[in-house]
1. Return the residue satisfying two criteria in turn: it lies in the range 198-238 and is over 21 Å from GLN116 (Cβ atoms) and free of Cβ contacts under 8 Å to residues at least 24 places away in the same chain, and of such residues it is surrounded by the fewest Cβ atoms within 10 Å (Cβ to Cβ).
2. Let me confirm something: among GLY10, GLY26, which residue is touching a helix residue (DSSP H, G or I) at 6+ places or on another chain (Cβ under 8 Å) and either touching a residue at least 40 places away in the same chain (Cβ under 8 Å) or basic (Lys, Arg) (or both)?
3. Search the range 89-113 for residues that are in the same structural domain as LEU216 (by TED's automatic domain parsing) and surrounded by 11 or more Cβ atoms within 10 Å (Cβ to Cβ) and pair each with any residue that is in a helix (DSSP H, G or I) and modelled with pLDDT of 85 or more when their beta-carbon atoms are under 6 Å apart and the residues are at least 6 apart or on different chains.
4. Only one of these is within 28 Å of ARG188 (Cβ to Cβ) and hydrophobic (A, V, I, L, M, F, W, C): ILE132, ILE109. Name it.
5. Could you list, in sequence order, the residues of the range 59-75 that are charged (D, E, K, R) and more than 30 Å from the chain's Cα centre (by Cα)?
6. Condition first: surrounded by 16 or more Cβ atoms within 10 Å (Cβ to Cβ) and charged (D, E, K, R). Now tell me which residues in the range 138-160 satisfy that.
7. Take the range 103-141 and flag every residue that is farther than 24 Å from ASN221 by Cβ and in contact with a Lys or Arg (Cβ under 8 Å, 6 or more places away or on another chain).
8. Across the range 191-203, what is the total count of residues that are closer than 20 Å to ASN242 by Cβ and in a loop (DSSP other than H, G, I, E, B)?
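The values are calculated or read from the model by the stated rules, or taken from the named source; none is laboratory data. The model shown is predicted, which means the values in this text are computed figures rather than measured ones. Cβ: placed from backbone, ideal geometry, glycine included. Neighbour counts: every protein chain shown.
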Amino acid sequence: MYQETLEKLGLSPNEAKIYETLVEHGEMGVSQVTSLAQVHRRNAYDAIRRLIDKGLCFEILSAKENIYNAVDPGKLSELVADQQLEVDKILPDLMKKFNRRVAGEEAYIYRGYEGQKNIWREILRVSKDVYIIGAKAQWFDPKLDASRAAFYRETKRKKIKFHLLYDAEIKTKLPTFAHDYPGLMEHRYLPKESSSTAIIVTFGDYVVMYAGVGILKMSDNTVFFVIKSAELAEGYRAWFKNMWEQSKENK
């Protein structure tokens, strides 16, 4: 049940199976472990040894057969914290190398929910106001709830403001939605004939064009065309401001 999450924490499939088995059933020998976890005996010894090295399992010496048990699952939080510390050690140097090689102008494509998370990271890194044409509250897709909450906390801390031109449908289908973030967002509404499944997001030197989104909805098939160009981004901001003046007030 928990194998996928345990593997994301760095456990191998066999380690995850054995750890979950020991958590559920407690002390047991290798024979029982292999049976309940459905791991071949010759692989079980190596997996158990790695779990011991990671501090997730301990060995009880016995005259007949050594017994194994799982450490309190709270240890998993320590494992995550240790991983974060290791990342923090190398992150500054990696960021320096990344920033040195980032081209003045470039274009690339992201897809799906992970692509959206990448764009949020870019917004936080750039820390400039965000201008959105054709907004559809797509960031409020339920599958993005946890990541979005963390993103908005950081935008508030960094005082990043959002300027949104919503599709007209938002005003009728979600009449109170656009007023839920006072001080962080300002918005107006585009005319109904401008509605589409596309969105344009501009921040700093970046322009991101979304394809395949709906109201409160994205998918793994949503495509993001990302362009880094100071000149292009400035042009889109100019168009945004012109459209803003011609759009309906947020009443």
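1. Checking each candidate, the answer is GLU231.
2. Going through GLY10, GLY26 in turn, just one is touching a helix residue (DSSP H, G or I) at 6+ places or on another chain (Cβ under 8 Å) and either touching a residue at least 40 places away in the same chain (Cβ under 8 Å) or basic (Lys, Arg) (or both): GLY10.
3. TYR110/ASN118; TYR113/LYS143
4. ILE132
5. Those that are charged (D, E, K, R) and more than 30 Å from the chain's Cα centre (by Cα): GLU59, LYS64, GLU65.
6. Once the filter is applied, which keeps residues that are surrounded by 16 or more Cβ atoms within 10 Å (Cβ to Cβ) and charged (D, E, K, R), the range 138-160 yields ASP141, ARG148.
7. Of everything in the range 103-141, those that are farther than 24 Å from ASN221 by Cβ and in contact with a Lys or Arg (Cβ under 8 Å, 6 or more places away or on another chain) turn out to be ALA103, GLY104, GLU105, LEU124, SER127, ASP129, TYR131.
8. 3
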